[in-house]
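The values are calculated or read from the model by the stated rules, or taken from the named source; none is laboratory data. Computed from a predicted structure; not experimentally measured. Cβ atoms come from the backbone with ideal geometry, glycine included; neighbour counts cover every protein chain shown.
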């Protein structure tokens, strides 16, 4: 039986938590506002008691897979353990029940948290200037490409194109387009890295920037990054690091040393803030010194023991968020780096790389890797052998769900046939990796012995395979749509 | 501290299986000159209790709404958040899942998004809502972007009654050259309809207005939308979801897009983040919608289930032709909105709105009786927020109030230097009569101070 909707649970007259009675003389909405500005009917919200609401959401919640349950190896999403202390610190009333417009004198603790996080992150990235205003990675991209435009305009010509490798995340070309540039794709070579010759052909005086994910989405370190930086800079363009895969570099390699002019961080990936079923994320953008004037307004400054926001930023691209970004995520990230410290941070990437390579080594007997050799923190398998047996990557992904584990990212990057992109992260134990490997090897056996079983999967999940085409054809997006469909409305 | 569970023996065994001579061999691809030499210039790890001690010190040096009576608003409000909401939101099943890419093991998240979309539409009077945007400001910017795409026109008019920061964000997004922004002035706190009509040329794609607006004033949404439609442009409302429990929803006024900030619905003020933007449209624009969207379908056995739908609008499929570059959104905050509306229900939501409005009016009237103090927007109808004009620099009064543990208002000088004697004051259902009477008392005491003293007190603040 599927879980009812809130509307289906609603019983007229039921109530949740109550307010105190009004303690000032009541005037009534009709006296305070013109009648035509009041809504005629009450909003169609449900009427449910508190215990029933709690049961509703608890029953919904247990239908989810989540990182506290089992491995969640979504490639490029960095589904690592989210330490509980982080949440506890972010929920301290003095860090949560505070208003963005209370005076700076009464917000020094909040500003100190942001300041200290900035010190840690700039040290980790090897880059001097920073903003934590963007809400997520894609907004960091937008911020950086807007800054790129401002930079080039200041140098006399906004330029026309931004280059993205064919293995890039969809956010890259989408961002480029949103900022009014043309996205130019460069192919990857046989080694999975950017094809330098192709890049040289594309880079010109029209090039505003190159957006590079390093390690790339194949889990391969772009070892020519120094040369790429030289080519891009010689053309007067800027080099952006999409930090989606930063978990492979924390404490191990320095984006600043590689010549990146911009580098973004997803706090919800590398710095362990919870993914929240889709968000909030936490966006951090680090930049080279001479790009700092273009950073979003305001920027945090320190003078002696006092912190303050600087709004006097004539060359800034302006604001990208209502206030100062996802502050609660900044608190969590600071808590995380302080927990890890020098030694713990150094462990993150090393153990993440070890885990990925171990899993890759265990799986390549059955699945074709996109590329041979060691990987960084993630790797891509192709289900091409299984496809020959009539089973596709999507079937394998669905079958994994039957074993209580989450599937890898599928069909990405686009340049690998039947891609399964696997990122275990450093917080999985060897036992957990072994269990996941056993599941994938079992499924491979099934593709030979009983392929129908894989194609029928999942059968052990709260619902079986869902008809996505029907959802798109017959849009049912609200309770009202549902009722109209059933003919109740 | 470490969150890695690994023994030396396991590490050896793993390397052996990989066939690697050493751990370092695994990252030989990173040229040595790009590696971190030695250790990072950061601190040593701390134990949990030491971290807790340091964060407690930072927390204690902030003024929080448990220790101060908070009359600050301007987009973020100190409304009541039920304990059951906090409990549900802290569940790992919701907090540590990600975007529901595998719907068979994400029905909890997907159905919650569907309920969220439904309730946002009930509030706004619209037909389709997405799964959330970053915040109210970016929702406005994306709405402008949608209207540009839909109309093929290049100008977006923005009322000066829209939150100044939202206006800044819209300008930031517009700076890419995809559209131009023009301001529509206010008159006695509300958008000036004659000025709007003058500015509504055939190149105008959309008019963005706020309900209630930044100064707390309830706009005539019908008049604004009718004028906008007469010019063939999109009417975009940025609405306060609490107000929508009692106000005519912009959707009923005919608005084409209704967006807004969801923070007042169960999200902590959090120093301004994480927030959550809502975004709702008519069905005719569903294919232009940015972000995630959940829909109903059936599984192989014919059981009802939920999936992300119309994903071909999105960046991971459509790449440079996507409706927006948004990927990660504010899912958990949208869930907070959902649980909040479920807990309070139709009645509770209405009560929160009505009590906030009554209290704001109680405070405004008493404050305006203090000699020298007045309501800047006169008789214009307002919801739970209003602008007070003071007999002296606002900074001095705010400081005097802080000493009495009152956060008395947002100084409008932040946004307009000419408005140094005005503050924006909000009241929610949480404010008590005692707090409001203390507020007025503090205001009266300060107002009685000699003009010279007021100026000096204000100066020593900055």
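Brief remarks follow.
- Conditions (1) away from chain B (no Cβ under 13 Å); (2) surrounded by fewer than 16 Cβ atoms within 10 Å (Cβ to Cβ): number failed by residue A:484: (1)
- Options B:409, B:392, B:372: the member that is surrounded by fewer than 21 Cβ atoms within 10 Å (Cβ to Cβ) and outside the structural domain of residue B:269 (by TED's automatic domain parsing): B:372
- Qualifying position, being closer than 16 Å to residue B:68 by Cβ and either over 29 Å from the mean Cα position of the chain (by Cα) or touching a residue at least 12 places away in the same chain (Cβ under 8 Å) (or both), among B:408, B:376: B:408
- Every residue from segment B:142-152 that is more than 9 Å from every other protein chain (Cβ to nearest Cβ) and either under 24 Å from residue B:274 (Cβ atoms) or surrounded by fewer than 21 Cβ atoms within 10 Å (Cβ to Cβ) (or both): B:142, B:143, B:144, B:146, B:148, B:149, B:150, B:151, B:152
- Number of residues in segment A:446-471 that are more than 7 Å from chain B (Cβ to nearest Cβ), free of Cβ contacts under 8 Å to residues at least 24 places away in the same chain and either in contact with a helix residue (DSSP H, G or I) (Cβ under 7 Å, 6 or more places away or on another chain) or not in a loop (DSSP other than H, G, I, E, B) (or both) equals 4.
- Residue satisfying all of: in segment A:52-66; under 30 Å from residue A:429 (Cα atoms) and in contact (Cβ under 8 Å) with a residue 24 or more places away in the chain; farthest from the other protein chains (Cβ to nearest Cβ) among these: A:59
- Of the residues examined, residue B:353 is not one that is farther than 30 Å from residue A:49 by Cα and not assigned by TED's automatic domain parsing to the domain that holds residue B:214.
- Of the residues making up segment B:167-200, those that are part of a helix (DSSP H, G or I) and either under 22 Å from the mean Cα position of the chain (by Cα) or at pLDDT below 95 (or both) are B:167, B:168, B:169, B:170, B:171, B:172, B:173, B:174.
- Condition broken by residue B:266, with the remaining ones in (1) surrounded by 24 or more Cβ atoms within 10 Å (Cβ to Cβ); (2) facing chain A (nearest Cβ under 10 Å); (3) on the phi > 0 side of the Ramachandran plot satisfied: (2)
- Which listed residue, of B:175, B:245, B:230, is without any contact (Cβ under 8 Å) to a residue 24 or more places away in the chain, out of contact with any strand residue (DSSP E or B) (no Cβ under 7 Å at 6 or more places or on another chain) and either within 12 Å of chain A (Cβ to nearest Cβ) or farther than 20 Å from residue B:135 by Cβ (or both): B:175
- Of the residues making up segment A:11-34, those that are in contact (Cβ under 8 Å) with a residue 24 or more places away in the chain and surrounded by 14 or more Cβ atoms within 10 Å (Cβ to Cβ) are A:14, A:15, A:16, A:17.
- Lone qualifier among A:238, A:246, A:267 - being in contact with a helix residue (DSSP H, G or I) (Cβ under 9 Å, 6 or more places away or on another chain), over 30 Å from residue B:112 (Cβ atoms) and assigned by TED's automatic domain parsing to the domain that holds residue A:214: A:238
- Residue, farthest from the chain's Cα centre (by Cα), within segment A:8-35, restricted to residues that are outside any loop (DSSP other than H, G, I, E, B) and more than 7 Å from chain B (Cβ to nearest Cβ): A:31
- The set of residues in segment A:67-101 that are more than 7 Å from chain B (Cβ to nearest Cβ), assigned to a loop (DSSP other than H, G, I, E, B) and surrounded by fewer than 21 Cβ atoms within 10 Å (Cβ to Cβ) comprises A:69, A:70, A:91.
- Residue within segment B:37-45 that is more than 21 Å from residue B:275 (Cβ to Cβ), out of contact with any helix residue (DSSP H, G or I) (no Cβ under 7 Å at 6 or more places or on another chain) and at pLDDT 95 or above present: no
- Pick from segment A:258-270, criterion part of a loop (DSSP other than H, G, I, E, B) and over 15 Å from residue A:232 (Cα atoms), ranking: farthest from the other protein chains (Cβ to nearest Cβ): A:270
- Residue that is nearest to the chain's Cα centre (by Cα) [pool: residues in segment B:292-322 that are surrounded by 23 or more Cβ atoms within 10 Å (Cβ to Cβ) and closer than 15 Å to residue B:142 by Cα]: B:292
- If you filter segment B:80-101 down to residues that are surrounded by 21 or more Cβ atoms within 10 Å (Cβ to Cβ) and over 24 Å from residue B:242 (Cα atoms), you find that the one that is farthest from the other protein chains (Cβ to nearest Cβ) is B:100.
- Filter result for residue A:223 (surrounded by fewer than 24 Cβ atoms within 10 Å (Cβ to Cβ) and part of a helix (DSSP H, G or I)): no
- Qualifying residue in segment B:401-418 (condition: more than 14 Å from chain A (Cβ to nearest Cβ) and out of contact with any strand residue (DSSP E or B) (no Cβ under 6 Å at 6 or more places or on another chain)): yes
- Meets criteria (more than 7 Å from every other protein chain (Cβ to nearest Cβ), farther than 30 Å from residue B:263 by Cα and not in a loop (DSSP other than H, G, I, E, B)) for residue A:416: no
- Criterion violated by residue A:300 - all others in (1) under 17 Å from residue A:122 (Cα atoms); (2) at the interface with chain B (Cβ under 7 Å from one of its Cβ atoms); (3) in contact (Cβ under 8 Å) with a residue 60 or more places away in the chain satisfied: (2)
- Extreme residue, surrounded by the fewest Cβ atoms within 10 Å (Cβ to Cβ), among residues of segment A:291-312 that are part of a loop (DSSP other than H, G, I, E, B) and touching a strand residue (DSSP E or B) at 6+ places or on another chain (Cβ under 7 Å): A:298
- Residue B:38, sole failed condition from (1) in a helix (DSSP H, G or I); (2) on the phi > 0 side of the Ramachandran plot: (1)
- The selection criterion, being buried (at least 23 other Cβ atoms within 10 Å of the Cβ), facing chain A (nearest Cβ under 8 Å), modelled with pLDDT of 95 or more and more than 26 Å from residue A:325 (Cβ to Cβ), holds for residue B:115.
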